[in-house]
1. Quick query: amide H of Val25 versus all other amide H atoms, modeled in the peptide plane; which residues come in under 5 Å with a sequence gap of 5 or more or a different chain?
2. Classify the stretch 101-244 from the C-alpha gyration tensor, please: rounded if a/c falls under 1.5, else prolate or oblate depending on whether a/b exceeds b/c.
3. As a footprinting exposure proxy, order Glu190, Glu76, Glu172 by other Cβ within 10 Å, with the fewest listed first.
4. Spelling out what I want: for every residue of the stretch 186-191, take phi, set θ = phi - 60°, compute 6.51 cos²θ - 1.76 cosθ + 1.60 (Karplus), and round to whole Hz; glycine and proline get x.
5. Can you tell me the orientation of helix 64-83 relative to the chain, as the angle in degrees between its alpha-carbon axis and the longest Cα principal axis, to the nearest 10?
6. Work out how much length Ser112 to Glu195 would gain on full extension: take 0.36 nm times their residue separation and subtract the Cα-Cα distance, in nm to one decimal.
7. Hey, what do the phi angles of the stretch 100-114 turn into as Karplus ³J(HN,Hα) couplings, whole Hz, using 6.51/-1.76/1.60 and θ = phi - 60°, x for Gly and Pro?
8. Hey, if you put +1 on the Cβ of every Lys and Arg and -1 on every Asp and Glu Cβ in the chain, which of Tyr210, Phe221, Gly167 ends up farthest toward the positive end of that dipole?
Amino acid sequence: MPDTLSDAYSLTMDEVGYLKKSRAVLPVPPSDLSQNRNDQKVYFGKHNGSVVRVRAMLIKGASNRDRQKSINTILEKLQRWRRLKAPNLISIYGVATNSEEPLFQVVSYCPSTTIMEYLQIHPDHDKLKSCVDIATGLDYLHRQSFVHGAIRGSNVLVREDGTCFLGEFAPEVIPAQETLTHFANWTAPELMDHEAFRKIRVDNYRDNDYKGEYKLESDIFAMGCTALEIYTGMPPEPLSIPYASVKSVVDLMDLKREPVSKEQELIPHRVLGAILTMIDYVPARRPHSGHALTWFTKPDTPRITAAPPVLAKRIYDAEASQLVKFPSLHVVVLFDAL
């Protein structure tokens, strides 16, 4: 494996020792690793005779305390993920690390082909079906109160029968600057500059508790961007807010992301309308995962935006052992985007 990864991806010897105490760590790490040409943090290798996918996780924080918190966050997410059972999610086997390769590596048994690579080989593949598969996996996650944070074409894998499934979750709760830079095409505008966005006083982003963390709405935005990528062969241009002229929620609501000619040419009219709603500037106007799934499954049905009833109250998240408060219901709006 190359030794050019930054310290953000490298563990100290103490951190290696701490990680090895986790029951999720594989006794024998993968071997014969080779780098994925589309993602510098993803490798493929062998473990117990089987081909595995290996992702190096970013360790966020400059101090030992912050790095320890970052490691624990990944382990907690990993424990929750491994309890989830859904065909449209990657099956994570465990993590691996050692003194020679001091990286926090998540190991999964899965095909090595991403949806974008698959479409190059199978250009006539049903792209809407791929969007349905992605939305199915995301809806399952969101109903478990799990925010993915890393939805993009290079992190959607494809089985031999053409079924798509989501790859590994984001290691961070709040994206690092490196993440914002490398994956800007799939990043919701409220994440790019959370302090400026907070000043607009939008819904649940207006108080000082919002630090730029991934939310359900940012996942929906990333899924919409990934759908555009699947249909057009390239991710959309990053969506940014002109804060010099946008000073209020009203100003923000006036912003519209217009489809480019290639999108209009390649994406069915109703599907494109649904996707554009998923990448709305205003988080509350994006659909929740259940509605997004319905829009992809039945694109000709009327589109309704509202927070799902199951997420409109305080619920107890037994796995996280804490109360989770979700936004109150939004006003129901009927519309036809295009």
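1. For Val25, whose amide H was placed from the backbone, the distant partners under 5 Å are Val95.
2. Prolate, because a/c is 1.5 or more and a/b exceeds b/c.
3. Glu76, Glu172, Glu190
4. Karplus values, whole Hz, x for Gly and Pro: 10, 9, 4, x, 5, 7.
5. 80
6. Going from the current span to full extension adds 26.1 nm.
7. 6, 10, x, 10, 8, 10, 8, 10, 9, 8, 6, x, 8, 8, 8
8. In the chain, that residue is Tyr210.
Read-outs throughout are calculated quantities, based only on the coordinates presented, and are distinct from any laboratory measurement. None of the values given here were measured: they were computed from a predicted structure. Cβ coordinates were reconstructed from backbone atoms using ideal geometry, including for glycine residues, and neighbour counts include every protein chain displayed.
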